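First up is the structure itself, then whatever we jot down about it.
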Amino acid sequence: MSHELWRESLKRLRAIAQTGQTYTRDPYDRERYEELENMALSLLARLLDSPPEAVRSVYLPEQGYPTPKIDVRAGIFREGRILLVRETADGRWTLPGGWGDEHESPRESIEREVREESGFEVRASRLVAVKDRHLHPYTPKRLERIYKLFFLCELTGGEAATSLETDGVDFFAPDDLPALSLGRTLPDDVALLQAYLHSPERPCYFD
């Protein structure tokens, strides 16, 4: 069995164990599901050559039925150039965005992320794509499943400003991009947003 298949199988096993703990009413079954979850996490740690605590911490906030995390990203164009921000974490560039907030709508989340990371005010005008991160060549791979929502946004105000998470803000020609943070943004993401900018009649892409 390949490394990838082992990892996906153990992730699925952990999810089944968590679901069982959520819905079972039998205390003995609950103990069995807890043991199953601990075994899955321990094996994942060995497979990934990571400390068990690091693997467990990925899932600590999760309760109830396991669901994918949501990542929102903005496509903002000015005179044919797209807005990117540089991540302090790796020194590479990405579309503005981040985790969706459970207390916000998708629109509120992406407009806030753009404001916080770039200093610009925007209005989200269209959802153009919903991508399953697992099905595309983002690196490194992540344990949890992530759905990436891409929005076209219109500039409404503000000015370039960095943040705790970003130390650069600039517009780039889509065919002359800087080094991208490939865990967050792929060149294909920029090309996709540009295609939808020029073809507003295209239906939303989704995996």
Exercise for the section: Based on other C-beta atoms within 10 Å, arrange Arg25, Arg46, Arg30 from fewest to most. Expected result: Arg25, Arg46, Arg30
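Give the order of Lys141, Lys11, Lys148, Lys69 when sorted by the count of other beta carbons within 10 angstrom, beginning with the fewest.
Working: Lys141 12, Lys11 20, Lys148 24, Lys69 15.
Least crowded to most crowded, the residues run Lys141, Lys69, Lys11, Lys148.
Given the DSSP H assignment, sum -39500 (n - 2.57) over each helix run of at least 4 residues in the chain and divide by its residue total; what's the result at 222 nm in deg cm²/dmol, nearest 500? Before the final figure, lay out each step's value.
On the way: 5 runs with 76 residues, N = 207.
When only DSSP H runs of four or more count, the value is -12000 deg cm²/dmol.
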Handout entry: Linear extension gain, Phe171 paired with Ala195, 0.36 nm per residue minus alpha-carbon span
Key = 6.9 nm
Problem - Dimensions in Å of segment 64-170 - Rg and Dmax from alpha carbons - result: 13.7, 46
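Under the Kirkwood approximation for Rh and a Cα-based Rg, what ratio Rg/Rh is obtained for the chain?
Numbers: Rg = 19.5 Å, Rh = 18.7 Å.
Over the Cα atoms of the chain, Rg/Rh equals 1.04.
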Handout entry: 10 Å Cβ shell holding at most 11 others, DSSP loop, GluC sites (Glu not before Pro): longest site-free stretch of the chain
Key = 1-78
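For Thr162, what is the net charge nearby, where nearby means another residue's Cβ is under 10 Å from its Cβ and Lys, Arg count +1, Asp, Glu -1? Could the numbers behind the result be given before it?
Numbers: positive: Arg86; negative: Glu117, Glu165, Asp167.
The answer is -2.
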Completion exercise
Exposure-ranked with fewest Cβ neighbours within 10 Å first, His136, His103 stand as His103, His136
Exercise for the section: State which helices in the chain qualify, where a helix is a whole DSSP H run, it must extend 20 Å or more along its own axis by its Cα atoms, and its mean Kyte-Doolittle hydropathy must be at least -1.0. Expected result: 3-23, 27-48
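Every number here is computed from the coordinates shown, using simple stated rules; none is lab data. Keep in mind that what you see is a predicted model, and the values were worked out from it rather than measured. All Cβ positions, even for glycine, are placed from backbone atoms using ideal geometry, and neighbour counts span all protein chains on display.
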